[in-house]
Amino acid sequence: MKKKSSFLLIILVALSIYGCEDKNDAVLIQPPVSISITRGGQQLTVTKAADFSVLGQKEKIKIPLGISLSAVTLDSCEVKVSVNQEHTKQLLPSLTNGVLLPEGSYSLPAKVSIPGNHISAPLNLIVNFQAIESNAGKQLVVAITLENPSRHSLDTEKKSVNVVIDADKVIAASELGDVTSKYLKNTGYPFIAAAMAPGGRWGNLADWTANAAAKSHSGYGGFASDDGGVMNMECGWGSPYITNGKIYQTTTLPAGKYTFQVVEFSWKGTKDPAYIVVAEGTSLPDFNAIAGNSLGYAPFSNALAEFTLAERKEVTLGVCVNYIQNEQGFKIKRFKLVKTE
């Protein structure tokens, strides 16, 4: 209401000028204007993707703070921006694992200019992502304030803002999108073998664990040299059935929502149950216990498993099959892990 009232006052005063008999005697009176930090006036806790944007290849994050005027004016102005270290230190006892945002790890403009006939201007806090990663588990604090405006006055309630960066939550939020290469190894295009059986087609996968059932080719299995290198299990054509065969990899993921999927099969010839599976801990459940003992799973017919972690956890991702009919199998060319929230 304050901005609208100020604007209406300008209009009414301007109209009164044209209503005067002697226009030279009319004076346009500018109502008082105050300057504030758009997101100021209270503690700004940075936790989710909407609070910041990632710059470059996660080298920095940008936290928009903004400068606002209480009304549009024809005059330009500028205001100085500074960090109040003493006030920052006073905030630390009220926070869990609060620490000062290290000097040299962030940047702010020394001043911000607001052009005439404008009501706002950008003010961004730029923080080195390495400083956030090196302070995992902590809350990074910096107090920012405005001072010495060239004209107008400072809004006493919103001239400052206390920025609190929750390192763990920012790290998690910054990882939205494809995180395959960050948390998984040897995921395809092509798959790489750690060892090959005599004859050169079958092998054991590097970075993955295959149980005895999956190693169905005289102690080798999980890898086939087909199509340049694929994850594979198959039975028949001279190879035994694969009862409760598993291939998996264990990693630790931060809290969030994810999808784990097969990007491409070069062959999907399963007849019996076959699933991609995500489970808590260091192994996969047996094929007949997947439904009640997994974070997420999906059949090969729609090989995309969704799962949610409320906190950072060790999880295992992979495939589980139960081939008890002859001549069936699969060849996977690539997996992908995506963080969606």
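The values are calculated or read from the model by the stated rules, or taken from the named source; none is laboratory data. From a predicted model like this one, the values you see are computed outputs, not experimental measurements. Backbone-built Cβ (ideal geometry, glycine too); neighbour counts: all protein chains shown.
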Taking segment 59-81 as the search range and keeping residues that are out of contact with any helix residue (DSSP H, G or I) (no Cβ under 7 Å at 6 or more places or on another chain) and of a type in the set (D, E, K, R), which one is surrounded by the most Cβ atoms within 10 Å (Cβ to Cβ)? E78
Meets criteria (part of a strand (DSSP E or B) and either over 16 Å from S68 (Cβ atoms) or touching a helix residue (DSSP H, G or I) at 6+ places or on another chain (Cβ under 7 Å) (or both)) for V170: no
Of all residues being aliphatic (A, V, I, L, M) and in a strand (DSSP E or B) in segment 317-341, which is surrounded by the fewest Cβ atoms within 10 Å (Cβ to Cβ)? Just the residue, please. V338
Six or more apart or on different chains, Cβ under 7 Å: which pairs go from a residue in segment 24-40 that's closer than 16 Å to L74 by Cβ to one that's among the acidic types (D, E) and at pLDDT 90 or above? Could you list them? I35/D155
Within segment 193-216, track down each residue that is small (G, A, S) and either surrounded by 14 or more Cβ atoms within 10 Å (Cβ to Cβ) or within 29 Å of the chain's Cα centre (by Cα) (or both). A193, A197, G203, A206, A210, A213, A214, S216
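Table: residues versus (1) assigned to a strand (DSSP E or B); (2) touching a residue at least 60 places away in the same chain (Cβ under 8 Å).
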residue: V99; (1), (2): yes, no
residue: G104; (1), (2): no, no
residue: P109; (1), (2): no, no
residue: H118; (1), (2): no, no
residue: L125; (1), (2): yes, yes
residue: A131; (1), (2): no, no
residue: G137; (1), (2): no, no
residue: V142; (1), (2): yes, no
residue: R151; (1), (2): no, yes
Which strands (runs of 3 or more DSSP E) does segment 223-308 wholly contain that include 2 or more residues that are within 24 Å of G203 (Cα to Cα)? 230-235, 242-253, 256-269, 274-280
The one condition P190 fails out of (1) within 36 Å of the chain's Cα centre (by Cα); (2) outside any strand (DSSP E or B); (3) closer than 21 Å to L284 by Cβ; (4) not acidic (D, E) is (3)
Restricting the search to segment 142-163, which residues are farther than 26 Å from L74 by Cβ and hydrophobic (A, V, I, L, M, F, W, C)? V142, A143, I144, V161, V163
